[in-house]
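Below is one structure; the comments refer to it alone.
The values are calculated or read from the model by the stated rules, or taken from the named source; none is laboratory data. These numbers were taken from a predicted model, which means no experiment stands behind them. Glycine gets a Cβ as well: all are built from the backbone with ideal geometry, and neighbour counts include every protein chain shown.
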Amino acid sequence: MDMFLKIVAAAVMGMMVFYAWRAFQNWQEHGPKAQKGDWQAVVLPLALVVGLVVLLVAMVR
Amino acid sequence: MANPNYTIAGGAQRAVETNKVLKNTYMLLSATLVFSALMAGLSMALAVPSWMYLVAVIGAMLLGIFVLPRSANSGSGVGVIFLITGLLGFGLGAILTLYLAMPNGPQIIGTAFGGTGIIFLGLSGYALTSKRDFSFMGGFLFAGIMVVFIAAIANIFLAMPALALAVSGAIILLMSGFILYDTSRIINGGETNYIMATYGLYLSIFNIFISLLQILGIMGDD
């Protein structure tokens with residue numbers, strides 16, 4: 001039962017990879033490109049998320 | 001030359017539509033989160049086995065791929081999203097039962113819950129107040145999802161804690177990016193269907209919570 005479920009889960013996730021690949025290709029061709037300063041506006045909040053996760057790990061240790 | 005009155009009226013109408021999508025999205029998101037929590041409680045009360053989590057995730061993924069996109073523009077889409085989130089909540093209950101059996105399980109669950117709330121509210125607030133268009137991240141996020149899925153498929157069979165930790169960390173960062181991306185698409189008019197918008201945000205919250213549980217469970221254990 002467990003192995004059967006793992007194989008089905010892997011197959012469905014493989015299907016998700018296929019859908020993500022199509023979305024990625026579509027985005028590369030038609031999606032908007034980053035302007036100057038766009039990535040900086042993303043890196044700061046993501047760095048804060050990393051800091052929060054480190055803090056949470058320290059809290060449960 | 002364009003009539004400025006039409007331009008102003010068009011801009012105001014777009015703003016009203018955007019606010020309506022945003023309001024409907026957050027209302028449906030709240031309802032699905034509550035329903036999900038109720039289903040998780042039911043699953044814990046019934047003490048369902050842990051394999052139920054995989055069954056629920058497989059069912060929810062299939063519904064999300066094949067059924068939701070076809071029904072999202074009709075009233076039945078609301079029923080489908082409740083079915084998906086209820087299934088995921090029911091599966092989550094099986095995982096929470098396992099964590100509650102650990103010595104510091106309740107603390108880990110509470111910390112993961114609080115952390116997920118802070119991440120979601122913080123990033124949503126940032127996207128809403130900055131009014132930046134984060135749709136340029138689409139290619140990067142979908143490429144990242146592909147890599148993470150391939151690693152996750154490998155780890156279904158390898159069951160390596162270090163790889164699970166790396167995948168969970170990557171999922172938290174990617175889903176944080178998706179919160180910025182989805183929220184900015186709603187406020188910039190890129191997403192006009194509140195059911196699909198809710199689905200995207202719900203998946204981000206669910207994945208962040210599950211990944212935080214995994215990271216805290218591995219790192220909190222001596």
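Here are the numbers for this structure:
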{"item": "Subset of the stretch B:69-95 (residues that are surrounded by fewer than 20 Cβ atoms within 10 Å (Cβ to Cβ), hydrophobic (A, V, I, L, M, F, W, C) and in a helix (DSSP H, G or I))", "result": "B:VAL78, B:PHE82, B:LEU83"}
{"item": "Verdict on B:ALA45 being exposed (fewer than 12 other Cβ atoms within 10 Å of the Cβ), more than 19 Å from B:ALA197 (Cβ to Cβ) and at pLDDT 95 or above", "result": "yes"}
{"item": "Residue within the stretch B:184-195 that is assigned to a helix (DSSP H, G or I) and basic (Lys, Arg) present", "result": "yes"}
{"item": "Count - residues of the stretch B:161-184 that are surrounded by 21 or more Cβ atoms within 10 Å (Cβ to Cβ) and within 11 Å of chain A (Cβ to nearest Cβ)", "result": "10"}
{"item": "Enumeration of residues in the stretch B:96-121 that are within 13 Å of chain A (Cβ to nearest Cβ), assigned to a helix (DSSP H, G or I), among the aliphatic types (A, V, I, L, M) and touching a residue at least 24 places away in the same chain (Cβ under 8 Å)", "result": "B:ILE108, B:ILE109, B:ALA112, B:ILE119"}
{"item": "Test for B:ALA151: is it assigned to a helix (DSSP H, G or I) and free of Cβ contacts under 8 Å to residues at least 60 places away in the same chain", "result": "yes"}
{"item": "Exclusive hit being surrounded by 16 or more Cβ atoms within 10 Å (Cβ to Cβ), within 7 Å of chain B (Cβ to nearest Cβ) and part of a helix (DSSP H, G or I), set A:VAL42, A:VAL8", "result": "A:VAL42"}
{"item": "Qualifying residue in the stretch B:83-94 (condition: in contact (Cβ under 8 Å) with a residue 12 or more places away in the chain and within 7 Å of chain A (Cβ to nearest Cβ))", "result": "no"}
{"item": "Residue match in the stretch B:13-26 (condition: surrounded by fewer than 19 Cβ atoms within 10 Å (Cβ to Cβ), free of Cβ contacts under 8 Å to residues at least 60 places away in the same chain and farther than 21 Å from B:GLY190 by Cβ)", "result": "no"}
{"item": "B:VAL80 being among the hydrophobic types (A, V, I, L, M, F, W, C), away from chain A (no Cβ under 11 Å) and under 17 Å from the mean Cα position of the chain (by Cα)", "result": "yes"}
{"item": "Looking only at the stretch B:123-134, and only at residues there that are assigned to a helix (DSSP H, G or I) and surrounded by fewer than 16 Cβ atoms within 10 Å (Cβ to Cβ), the one that is modelled with the lowest pLDDT", "result": "B:SER130"}
{"item": "Total residues in the stretch A:16-39, condition at the interface with chain B (Cβ under 7 Å from one of its Cβ atoms), not small (Gly, Ala, Ser) and not in a loop (DSSP other than H, G, I, E, B)", "result": "8"}
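Residue by residue, here is whether (1) out of contact with any Cys (no Cβ under 7 Å at 6 or more places or on another chain); (2) aromatic (Phe, Trp, Tyr); (3) within 17 Å of B:GLU191 (Cβ to Cβ); (4) buried (at least 19 other Cβ atoms within 10 Å of the Cβ) holds:
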site: B:PHE136; (1), (2), (3), (4): yes, yes, yes, yes
site: B:ILE145; (1), (2), (3), (4): yes, no, no, yes
site: B:ILE156; (1), (2), (3), (4): yes, no, no, no
site: B:ALA159; (1), (2), (3), (4): yes, no, no, no
